Each structure stands twice: as C-alpha cells, then as structure tokens.
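Heads up: the structure comes next, in structure tokens.
Here, each number is a calculation from the coordinates, and none is a lab measurement. These numbers were taken from a predicted model, which means no experiment stands behind them. Quick reminder, even Gly has a Cβ in these numbers, built from the backbone with ideal geometry, and neighbours come from all protein chains shown.
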Amino acid sequence: DNDLRSIQSFLETLSFPPFIPPSDHTRLRKRAHQFFVQGHRLWRKDPAGRHQLVLFNQDRLRILHETHDQLGHKGLY
C-alpha cells in the first residue's frame with residue numbers, strides 16, 4: 001500500500017514524496033508508468049484497455065462486504 005500511495009502522490013504532484021530517498025526515484029518513476037490517476041483514484045493500466053482500480057486497505061473490506069451483500073448468498077437453503 002505504501003508503494004502505491006507513493007506512486008499516486010508522484011502522479012498527482014509530479015514530484016517525489018519527501019520520504020522517498022533519491023536512490024529510489026528511478027524505481028518509482030518506472031513503476032509509475034504502469035498507473036494513472038483519474039478522479040483522485042489510482043488505476044493500473046492494462047494494454048487491452050481493461051484498466052484496474054487500485055483498492056487501498058481501508059477500501060478493501062468495505063467493498064468486499066458491499067459486493068457480498070449485493071451478489072452473495074441471498075438466504076438459506
């Protein structure tokens with residue numbers, strides 16, 4: 001999650017987060033090419049155009065519950 005947050009910050013500001021050491025700037029820049037930001041959300045690029053929304057830890061459990069409630073089991077058999 002920290003790497004992904006750093007990538008999002010870099011893409012939004014086009015500057016490196018202050019806690020990223022200069023020795024990691026090249027790695028972060030290369031990794032950031034795999035992502036883009038749209039509407040303050042981080043997306044992973046897909047060559048086929050099926051981009052993937054990046055879910056951070058605080059969102060994962062909420063979305064899992066929502067998905068289960070909407071698509072999961074509807075009762076007992």
Cβ contacts < 9 Å: first residue touching a residue at least 24 places away in the same chain (Cβ under 8 Å), restricted to segment 46-63; second residue assigned to a strand (DSSP E or B), any location; separation 6+ or different chain. Result? 54/35; 54/41; 54/42; 54/43; 54/44; 56/42
Residues of segment 1-56 satisfying the condition of being outside any helix (DSSP H, G or I), small (Gly, Ala, Ser) and more than 30 Å from residue 67 (Cα to Cα): 15
Return a yes/no flag: does segment 1-8 have any residue that is among the hydroxyl-bearing types (Ser, Thr, Tyr) and more than 18 Å from the chain's Cα centre (by Cα). no
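Yes/no per residue for (1) in contact with a strand residue (DSSP E or B) (Cβ under 8 Å, 6 or more places away or on another chain); (2) surrounded by 10 or more Cβ atoms within 10 Å (Cβ to Cβ):
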{"site": "15", "(1), (2)": "no, no"}
{"site": "24", "(1), (2)": "no, yes"}
{"site": "42", "(1), (2)": "yes, yes"}
{"site": "45", "(1), (2)": "yes, yes"}
